[in-house]
Amino acid sequence: MADKPDSGDIKITVSFLKDFQSGVLQKMVTELEASKDLAELQLAANNPTGKRRLLAGAETWEPAKLLMEKYEGKSGTAPTLWTQVDVIQKRLVQLNENISEVLRIADLGEDENIKLSTELNMSQLGEILGTKPPSPPAGNGGNGGTGV
């Protein structure tokens with residue numbers, strides 16, 4: 001059914017998964033892990049009480065205080081955004097691990113198929129090339145034809 005373009009079936013090959021993992025997914029995971037901006041966001045979202053990361057001015061100045069509360073408060077932008085980014089990052093890492101497991105299983109299956117195929121081919125070659133011991137010719141009594 002996958003041969004029909006409108007069948008709705010999708011074929012994903014092992015090589016496509018390998019290319020996607022190395023060319024797209026791993027780059028995304030690496031960029032997220034190495035991002036200084038995300039590290040700063042995590043610090044702002046998880047800061048201890050009274051330790052401000054956002055330098056908006058003195059807390060006695062009302063606009064600065066409002067900005068800090070909206071950014072660093074429990075329901076502020078930093079914690080909310082960090083929670084969402086953290087979920088995305090964890091899902092990408094899990095997807096990467098899942099693809100690695102699928103590739104491992106596919107490689108094992110491919111190795112087993114190659115091994116089985118090779119064994120069959122060697123058996124067939126043995127029959128064709130006559131490497132099996134020949135059966136003794138009929139009628140000579142098994143003495144090798146010496147007449148003794």
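Below are the figures for this structure:
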read-out: Calculated FRET efficiency for the pair Val87/Phe20, C-beta based, R₀ 22 Å, to 0.05; value: 0.55
read-out: FRET efficiency estimate (nearest 0.05) - Cβ-Cβ, Ser35 to Leu103, R0 25 angstrom; value: 0.40
read-out: Leu92, Leu108, reordered so the largest accessible area comes first (probe 1.4 Å); value: Leu108, Leu92
read-out: Pairwise label distance in nanometres, Thr80 with Ile10, each label 7 Å out on the Cα-Cβ vector; value: 3.1
read-out: Nitroxide proxy distance, nm - points 7 Å out along Cα→Cβ at Leu43 and Gln94; value: 2.9
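The values are calculated or read from the model by the stated rules, or taken from the named source; none is laboratory data. Note that the structure is a prediction, hence the values are computed from the model and not measured. Don't worry about glycine lacking a Cβ; one is built from the backbone with ideal geometry, like all the others, and counts go over all protein chains shown. Ligands, DNA and RNA are excluded from the accessible area calculation, which covers all protein heavy atoms including side chains. Shrake-Rupley method; radii C 1.70, N 1.55, O 1.52, S 1.80 Å.
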